[in-house]
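The values are calculated or read from the model by the stated rules, or taken from the named source; none is laboratory data. As the structure is a computational prediction, the values presented were derived from the model and not from experiment. Methodologically, a virtual Cβ is constructed for each residue, glycine included, from the backbone with ideal geometry; neighbour enumeration extends over all protein chains shown.
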Amino acid sequence: MLQLSRSLSRNLSRSPQFYRPTHLNLATRAVAPSNKAKSGLLSRTRTNWEAWKKANRKKVLSIRGAGFFLRGIRTFVLGMSIYHTGKAMGTSEFARDPRAAEKRIRNQLVMSQAFETDESGKPKFPRLLGTLHPTHVRVEIVGQRIVKGARAFVEAKIASREAKLSDPAFPVSDRGRVEGELKGWRDKLKMIKGNWHFVVIDSPVPQAFVSDLSPRKIYVNTGLFSTLKCSNDELAMVLGHEISHLLHGHTEARYMYQFELDMIQLLFLSMLDSTGVFTLLGTWLGWGWFSKQAYTYSRSNETEADETGLKICSLSCYDTHRGPRVFSKLMKAGGGDEDKRAPSWNDSHPLPMDRERKLMEQSKLINCDNNPKCHGVLERILKGRREGKNKEHHHHHHH
Ligand SMILES: [Zn+2]
């Protein structure tokens, strides 16, 4: 839904001359000659008009200022209404036929991983693995454990805030903030409750992703196993990172942030449109600043998702000392393969070696060694490794 409105607002900012309000001279209309008068009686009125302008310079300037101001407001209102229409359109589509809408979004997301083309050069829809395929089963086993860990993570966030609020000594001035956080985490818990599904895409590009447009679904490319030879600990790290983006609302926030950028740019262009020079200069200067902001924004998101991902891995009893090694594998795999068509997990995640170093450092504190729930699981896995079986068995809890 948000994506739709985002593309609309982007189109807006890309073609400002098309959407830019051409005449909003409400303030000037009373004193300036109309277009008709201008064209019909051009020669006669022009001299009068120029003379009037010269004599009333201050007035003209303030009228112009008011015009700019109104134009700015109108552009903003126009942008907002288009944004909300887009959002409402998406919502009504979901209300009419939620299954069809979900399927359409799912197909779009799968299609974004297309790497083969047919005879006519069109990208081919990638093959999806059946739920009984061994790779699908493996993704599902690791994925369900990560989802469980994510729930435990959110429940801990809720519990710590509830404890703060029930403590009479907790300062009144901080209560509002903590109550807001509590509500936010409760909403997240609702979002991740229920059955999760896994879509395994047959594509050599090492990639996994989630989207808030496609709730309770995790998309995984087979490239994580064929190209990267991911272990279960590494797969857990990738999935934990992706699910953390959802928990922190990063995808949502990114759309909102993009929308804000588009709005600012649109406003900017509409105010400075009388001379092409300013538009050019303004966009150039402005664009450099915006993209820098967007870049640092996404970097801080990645760091946050990395840390939460590591916590989720430890809550799911995965080895946090081994998981981060996926980054060196990504570095190695990313080297030679330049004509790949679909973006890999690495592209949206800069500086993998820095991240691996940081995560290795954090894993000294964030690990499952002190989690009594994990002891049985770890022992079983280690036993399995000793016996030369690299398979993990799914055990049920006995209490
Ligand atoms: Zn990420």
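Quick notes on this structure:
- Residue match in segment 148-155 (condition: in contact with a Cys (Cβ under 8 Å, 6 or more places away or on another chain), buried (at least 19 other Cβ atoms within 10 Å of the Cβ) and part of a helix (DSSP H, G or I)): yes
- From the list A169, A114, A163, the one residue that fits, being on the phi < 0 side of the Ramachandran plot and not assigned by TED's automatic domain parsing to the domain that holds S314, is A114.
- Exactly one residue among N301, N367 is at pLDDT 60 or above, among the polar types (S, T, N, Q) and either loosely packed, with under 13 Cβ neighbours inside 10 Å or more than 14 Å from the ligand (Cβ to nearest atom) (or both), and that residue is N367.
- From R186, R177, R216, residue being within 21 Å of L132 (Cβ to Cβ) and away from the ligand (no atom under 16 Å from the Cβ): R216
- The residues in segment 161-211 that are of a type in the set (S, T, N, Q) and exposed (fewer than 14 other Cβ atoms within 10 Å of the Cβ) can be counted, and the count is 3.
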